[in-house]
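Working notes, beginning with the structure itself.
Nothing in this text is a laboratory measurement; each read-out follows from the coordinates by a stated rule. Treat the numbers as computed from the prediction; the structure is a model and nothing was measured. Every residue, glycine among them, receives a Cβ derived from its backbone with ideal geometry; neighbour counts consider all protein chains shown.
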Amino acid sequence: MSGRHDRHLAELLEFRPDRGTIRLHEQRVVILSAAAMGLLRKELADTLGLETARRLLLRFGFADGYHDAVNLRARSGWSSPIDGLRDGAMLHTLEGIVRADVRRIDYDDRTGRFEEEVAWYDSYEAEQHLHHYGTSEAPVCWSLVGYSSGFVSACMGKEIYFRETSCAGQGASHCVAIGRDARGWGGEIEAIRTDFQAAGVGQEVERLREAVGRRVKDLDRRERLLERRERELNLLRERVARHAAARHFVAGSPAMQEALELAARVAPLDTTVLVHGESGTGKEFVVRLIHDQSPRAGAPLVSINCAALTETLLESELFGHVRGAFTGAVRDKAGLFEVAGSGTIFLDEIGEMAPTVQAKLLRALQEREIRRVGAERGLKVNARVIAATNRDLRAAVEGGTFREDLYFRLGAFVITVPPLRDRREDIPPLAHQFMIRAAARMKKDVRAVSADAMSALMSYRWPGNVRELEHAVERAVILANSPSLRLRDLPPEVTQKPRRPRGGEETLDLQAQERTSIERALERFGGNRRRAAEALNISTVTLWRKMKRYGLSS
């Protein structure tokens with residue numbers, strides 16, 4: 001029986017290599033490799049998602065099967081619809097899609113009840129799904145299920161839908177599918193109809209097209225925003241570079257570039273800024289950059305070192321005084337807040353400010369108002385405040401030496417200037433610049449730094465940062481007796497490696513002892529900071545801060 005069906009269907013295939021066509025019952029067909037179909041299927045799943053791809057392939061298969069059944073019925077002259085079902089199974093086998101074995105067909109012509117069970121062997125669809133995605137939790141022969149549903153529906157002249165009960169894509173040896181009439185599916189029929197609804201394909205494609213359109217617009221908007229931000233950042237970097245070049249300031253390292261970019265970003269905004277960094281790192285340059293790049297650049301920049309004055313003098317310098325306010329106050333004097341006007345006031349080493357002056361500064365920042373020493377009325381002020389410190393103000397707040405409310409008022413925007421040991425790539429250009437300047441000033445023919453001298457400069461910790469480097473190079477230029485700075489021209493502390501005290505050779509320098517203890521703890525525990533902190537009886541945060549202060553690494 002099956003042999004007759006095979007021969008009958010094979011006769012319907014017409015190969016015309018001279019025309020480059022293949023026809024099956026008058027319809028042109030093409031041969032595509034399973035791998036190509038698998039790639040197309042994967043592209044659908046990756047682009048639209050597995051669920052949407054499943055529905056599209058179900059509907060594609062349904063249309064394909066329905067079309068084949070209608071054309072085959074016209075050529076074959078079936079005596080009953082059941083003959084058509086077996087032809088459909090054989091057609092799938094001939095096409096190389098799957099080897100189909102119809103196990104049973106239960107059909108009641110009087111009631112219209114229909115049920116068919118078919119086994120599929122070597123399904124190309126399951127094979128391709130396994131190849132691209134591995135074993136699936138749900139059946140995956142979507143186009144096969146659609147094809148069978150469409151073909152049998154056309155044969156029977158009524159709704160027939162198939163579902164896989166097991167699938168090779170799930171790890172089974174072969175696939176099994178059950179087909180039933182609409183009534184036979186009971187309460188599941190609405191969900192099945194939704195999966196196969198042809199009109200829904202257009203709606204789903206339209207929905208996806210709209211979603212893709214929204215996504216494209218969103219990506220386009222983000223791309224334009226990124227381009228604008230990139231242009232702004234480039235302009236910002238150019239502005240910083242010009243300012244640094246005009247001031248002969250070397251800032252080639254990423255760490256210093258980041259600090260200067262932050263300064264340039266906050267410059268146009270009328271907010272207080274706290275610049276934190278060790279002595280000699282270039283905090284003053286950062287403050288000058290903020291002022292020069294701000295709308296207040298045309299007004300004065302006045303500065304004061306809070307550590308250099310007593311409490312009374314500092315208060316008088318900041319807020320001014322009236323005649324007779326204290327001994328020696330023979331006339332009224334304007335404070336720096338008044339002198340700055342609409343400009344900027346720079347409070348250097350603010351961590352050393354006395355608590356009483358801190359309270360008055362806080363009021364000036366909150367109320368934009370000051371009162372001269374000895375005066376009865378306040379004065380409105382408009383100066384922008386930028387503060388700098390080499391101290392850990394948060395630790396000072398915890399220690400009770402600095403007001404917490406003032407810290408939060410000043411620390412609205414914090415810029416940390418890195419120490420020289422954290423930007424060693426800046427040492428060669430800095431050393432060269434200082435050498436050229438010193439040689440010109442001293443009228444000496446010094447044009448280069450020898451390799452061993454530069455190696456010593458790169459290896460030294462520079463606790464005094466850029467200022468110490470400048471002094472070291474100036475000293476070397478003074479001592480140089482050749483066109484090149486040599487190792488012997490540098491200060492002894494730069495050329496000599498630090499020695500650990502041995503035996504009875506103990507140092508009384510507490511910081512040196514602390515540094516040595518931290519080094520030993522880190523060495524003992526292989527750089528493990530948690531265990532080293534436990535051995536030193538301090539927290540890991542405190543250890544990290546001390547390591548940063550002493551320039552130590554794990």
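Data overview
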| read-out | value |
| --- | --- |
| Tensor-based shape of the stretch 510-550 (alpha-carbon gyration tensor, a/c under 1.5 rounded, otherwise prolate or oblate) | oblate |
| Whole-Å semi-axes of the stretch 421-495's equivalent ellipsoid (Cα gyration tensor) | 18, 12, 11 |
| Value of Rg/Rh across the stretch 53-122 [Cα atoms, Kirkwood radius] | 0.98 |
| Sequence of His471, His291 once ranked by neighbouring C-beta atoms within 10 Å, starting from the fewest | His471, His291 |
| Mean-position separation - Cα centroids, the stretch 516-554 and the stretch 103-162, in angstrom | 69 Å |
| Calculated diffusion of the stretch 262-378, Stokes-Einstein form, Kirkwood radius summed over Cα pairs, 20 °C and 1.002 mPa s, µm²/s | 141 µm²/s |
| Check: the stretch 247-416 dipole with +1 on Lys, Arg Cβ and -1 on Asp, Glu Cβ, in debye | 560 debye |
| Net lengthening on full extension, Ser482/Lys217 (0.36 nm per residue, minus Cα-Cα) | 88.8 nm |
| For the stretch 371-465, fraction of C-alpha pairs farther apart than 17 Å, in % | 71 percent |
| Fewest-first sequence of Tyr460, Tyr107, Tyr66 by Cβ atoms within 10 Å of each Cβ | Tyr107, Tyr66, Tyr460 |
| Neighbour-count ranking [beta-carbon atoms within 10 angstrom, fewest first] of Glu398, Glu468 | Glu398, Glu468 |
| Dipole-positive endmost among Thr542, Ser517, Ala532 within the stretch 510-550 (Cβ charges, Cα centre) | Thr542 |
